[in-house]
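Accompanying notes for the structure given below.
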Amino acid sequence: MNMQQAIKMTAAESALVDAYTAQIGDLPGDGAVLSLRDTLVHELRTAGLPTRRVEAWHYTDLRTLLRSVPAADSTAFSERVDAIVPGSSVLSVRNGQAELKTIPEGVTARSYSESLIDGSAAAGLAVLGADDAIGRINGGLVRGGLEIAVAEGAELKAPVEIQVVQSHGQAHTRFPVSFGAGAKATVIERHLSTSAEPSFVSSVSDVTLADGADVIWIILQQQGPADTHLGQIRFDLGKDAKLHLFVINAGGKLVRQELHGKASGEGADVTLRGINLLGGDSHTDVTFTLSHEVPHSTSTEIIRNVVFDRAKGVFQGKILVAKDAQKTDAKMSCNTLLLSDEADFSAKPELEIFADDVQCGHGATVADFDRTQLFYLLSRGIPENKARAMLVNAFVAEIVEELEDDEALVEALEGVISAWLEKHA
Amino acid sequence: MLEIKNLHARIAEDGTEIIRGLDLTVKAGEVAAIMGPNGSGKSTLSYILSGREDYEVTEGDILYNGESILELDASERAAKGIFLAFQYPVEIPGVATMQFLKVAMNEQRKYRGEDELTTPEFMRRVKEAAANLKIAPDMLRRPLNVGFSGGEKKRAEILQMALLEPKLCVLDETDSGLDIDALRVVADGVNALRSPDRAVVVITHYQRLLDYIVPDTVHVLYRGQVVKSGDKTLAHELEANGYADIIGAAA
Ligand SMILES: Nc1ncnc2c1ncn2[C@@H]1O[C@H](COP(=O)(O)OP(=O)(O)O)[C@@H](O)[C@H]1O
Ligand SMILES: [Mg+2]
């Protein structure tokens, strides 16, 4: 008997371990995958979920915040949902089941459960470190997902929407996606719920960009008001590759979206844009780490948060500049509009610089409505609630406008934002 | 149409009194000019008329069509037909000019129980009004007032006024920063709105604008009070002799 087994599991911890036990023999995987799963769940059982004492989870004490986890239900059903951008190719996972109907030219895809069964998934199941609770839960329980490869030089005309729809119960999905050299694509990773019943979703995307690939990756989280979403994206950029990450949180009760990546090739460029629309009693955490490992790579991060009601938000952004990574240029900013006295946002930008010839900067502000702007709108007959909504919208719309090359995409995302604000403001 | 009676008002934040017992009456169909040296309270008066909450009325009343408007907020006053062309129009990044115009027009219509404008009807009105004011369509595609030159901002104010068709128009130094051609365009825009059921209050330093928008009455504001009223000849007197005599007499 291991001493650590003495910890008393919380209801949520027990539910996760039970979900695993109940599915043994049913979860896909070869010998290596199954034994990895065992190890991960054993770690979960002994270490428990992370608490605020774990630095990476300081603002999101998962052990306390995650009160319960709904039981896995393989019979759950959810309806089809239209693509957020008309004309996209939709590859979906509905209640854990992959559907591969519209694979565009230049793309190959297969169900991730096949990679689990043939064992090729094993290497990717390793956690990122001792504190990688999301990787651990997901690796133990992952069932479905998609493995996608965009061919070298392929330029996709329409976005690919990876659609994860969950009505209730649990879903644990993975998306290893590789972009060949010079490939150009827009991917929308979209998580949504079709019911108000609670669901628990963990999802890990593992994205690699070969040299010169140019990718826009949007994570659009629109889950229900009772849902837990634990998301993670791992990314690695080759030489002169460009990754534009865009995270929009517009739903969920307990949300943690992690983004962990490396600029491994010279000239790699990472852009992170984040919009957190927070309301009700929700808790939403966006945690970003980027390691500049080679010279001449660049990154900018801009996060805009709008917080209503008793919602809480967290942004942790950590940029590491390796000793050899001279001429790195990294900028980070996080601006928040707090719209109620009980709303709260914690921002923790961090820089760890081991090289000496670099330009890095960060800033975090809490903004308030500009009174003059508000009065100007009112003086034109726009009622106060509507005027405020317009200003909130303007605060985040400014960021979406950066995607102006794709008008349909901008329109779709602005639609998500204004629909959310109409409901909450 | 507008009756201001013994108005006292102060800055809400620090209690400084700016308007100190001001009386002014403007009838329907009238164009009233308000003149006065810098810092006398002209802009403050215009803000108080339009309901800016940074100021507190401590005494007196403002009647609009016979009813007090002190309890109405800025958007209600606007929907009832009060319009202020700002001395310094406000830039709002992230708000598209066209969307702003549409929301403003439709919200006012909703308040008055009228149907919303259809998109083609809205577009038609904007195009026509913009052409009259020599506003390039490209300007309307930018975020509200962002990157507009001083003159463009003033013309955009008059465009809004033309589209919203207010009953009481207050123009706060709309002439400042305009060259003579722009001044003429703006004045034409204002004159086009003159009608028996509409009143215009023109705040200005200079006689120049009043050559184009000829006032029925002229009022001199000093230290938060109207210290002298007259007809358009008063504006010429001020132009010739400055404010010193009048201020001296008032002090
Ligand atoms: N919000 C404010 N905060 C501080 N001072 C103000 C404010 N509004 C007006 N004032 C002061 O009140 C006086 C009148 O200002 P204003 O109405 O702008 O004059 P005018 O438009 O006639 O030049 C000035 O001394 C100005 O500094
Ligand atoms: Mg002024």
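Values computed for the structure shown
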item	result
Sole residue being under 21 Å from residue B:170 (Cβ atoms), away from chain A (no Cβ under 14 Å) and of a type in the set (Ser, Thr, Tyr), chosen from B:68, B:149	B:68
Filter result for the condition that a residue is within 16 Å of ligand 1 (Cβ to nearest atom) and within 23 Å of residue B:52 (Cβ to Cβ), over B:201, B:227	B:201
Any hit, the stretch A:26-33, residues being assigned by TED's automatic domain parsing to the domain that holds residue A:135, on the phi < 0 side of the Ramachandran plot and either touching a strand residue (DSSP E or B) at 6+ places or on another chain (Cβ under 7 Å) or among the polar types (S, T, N, Q) (or both)	no
Only one of B:139, B:123 that is in contact (Cβ under 8 Å) with a residue 40 or more places away in the chain, surrounded by fewer than 19 Cβ atoms within 10 Å (Cβ to Cβ) and either charged (D, E, K, R) or away from chain A (no Cβ under 14 Å) (or both)	B:139
Criterion: touching a residue at least 24 places away in the same chain (Cβ under 8 Å) and under 20 Å from residue A:328 (Cβ atoms) - qualifying residue of A:220, A:192, A:243	A:243
In the stretch B:47-68, the residues that are more than 14 Å from ligand 2 (Cβ to nearest atom) and among the β-branched types (Val, Ile, Thr)	B:57, B:58, B:62
Subset of the stretch A:323-347 that is touching a His at 6+ places or on another chain (Cβ under 6 Å) and not polar (S, T, N, Q) - its residue that is modelled with the highest pLDDT	A:332
Selected residue [within 16 Å of ligand 2 (Cβ to nearest atom) and more than 28 Å from residue B:3 (Cβ to Cβ)] from B:154, B:134	B:154
Failed item in (1) outside any strand (DSSP E or B); (2) of a type outside the set (Val, Ile, Thr); (3) open to solvent by less than 30 Å² (accessible area, probe 1.4 Å), with residue A:105 passing the rest	(3)
Residue B:29 vs. criteria assigned to a loop (DSSP other than H, G, I, E, B) and not aromatic (Phe, Trp, Tyr)	yes
Residue list for the stretch B:17-46, restricted to those being over 16 Å from the mean Cα position of the chain (by Cα) and within 16 Å of ligand 2 (Cβ to nearest atom)	B:18, B:19, B:22, B:37, B:38, B:39, B:40
Positions within the stretch B:1-15 being surrounded by fewer than 20 Cβ atoms within 10 Å (Cβ to Cβ) and within 20 Å of residue B:227 (Cβ to Cβ), in sequence order	B:3, B:5, B:6, B:8, B:10
Of all residues in the stretch B:38-48 being in contact with a Phe, Trp or Tyr (Cβ under 9 Å, 6 or more places away or on another chain), within 9 Å of ligand 1 (Cβ to nearest atom) and within 25 Å of residue B:197 (Cβ to Cβ), the one that is farthest from the other protein chains (Cβ to nearest Cβ)	B:46
Wholly enclosed strands (runs of 3 or more DSSP E) of the stretch B:180-238 bearing at least 3 residues β-branched (Val, Ile, Thr) and closer than 18 Å to residue B:84 by Cα	B:199-203
Residue in the stretch B:27-37 that is over 24 Å from residue B:176 (Cβ atoms), away from chain A (no Cβ under 14 Å) and within 14 Å of ligand 1 (Cβ to nearest atom) present	no
Looking only at the stretch B:93-117, and only at residues there that are without any contact (Cβ under 8 Å) to a residue 40 or more places away in the chain and under 19 Å from residue B:73 (Cβ atoms), the one that is farthest from the other protein chains (Cβ to nearest Cβ)	B:113
Hits in the stretch A:365-406 - residues which are open to solvent by 20 Å² or more (accessible area, probe 1.4 Å), facing chain B (nearest Cβ under 9 Å) and within 16 Å of residue A:275 (Cβ to Cβ)	A:393, A:395, A:398, A:401
Pairs with Cβ under 7 Å, 6+ apart, first in the stretch B:50-61 and farther than 13 Å from residue B:12 by Cα and within 14 Å of chain A (Cβ to nearest Cβ), second surrounded by 16 or more Cβ atoms within 10 Å (Cβ to Cβ) and charged (D, E, K, R)	B:50/B:77
Looking only at the stretch B:164-182, and only at residues there that are surrounded by 21 or more Cβ atoms within 10 Å (Cβ to Cβ) and not hydroxyl-bearing (Ser, Thr, Tyr), the one that is farthest from ligand 2 (Cβ to nearest atom)	B:166
Members of the stretch A:147-166 found to be assigned to a strand (DSSP E or B) and open to solvent by 30 Å² or more (accessible area, probe 1.4 Å), listed by number	A:147, A:149, A:155
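So that you can scan it fast, the table gives a plain yes or no per residue for (1) more than 15 Å from the chain's Cα centre (by Cα); (2) modelled with pLDDT under 90:
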| position | (1), (2) |
| --- | --- |
| B:170 | no, no |
| B:173 | no, no |
| B:177 | yes, yes |
| B:182 | yes, yes |
| B:189 | no, yes |
| B:194 | no, no |
| B:199 | no, no |
| B:209 | no, yes |
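Here's the yes/no breakdown for (1) assigned to a loop (DSSP other than H, G, I, E, B); (2) within 20 Å of the chain's Cα centre (by Cα); (3) not assigned by TED's automatic domain parsing to the domain that holds residue A:90:
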| position | (1), (2), (3) |
| --- | --- |
| A:40 | no, no, no |
| A:49 | yes, yes, no |
| A:64 | no, no, no |
| A:67 | yes, no, no |
| A:70 | yes, no, no |
| A:73 | yes, no, no |
| A:80 | yes, no, no |
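To keep it simple, each residue is scored yes or no on (1) modelled with pLDDT under 95; (2) open to solvent by 40 Å² or more (accessible area, probe 1.4 Å).
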site	(1), (2)
A:9	yes, yes
A:42	no, yes
A:59	no, yes
A:64	no, yes
A:79	yes, yes
A:82	yes, yes
A:95	yes, no
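The values are calculated or read from the model by the stated rules, or taken from the named source; none is laboratory data. Since the model is a prediction, treat every value here as computed from it, not as a measurement. Using ideal geometry, Cβ is built from the backbone for each residue, glycine included, and neighbour counts are taken over all protein chains shown. The area values use the complete protein model at the heavy-atom level, side chains included, leaving out ligands, DNA and RNA. Shrake-Rupley method; radii C 1.70, N 1.55, O 1.52, S 1.80 Å.
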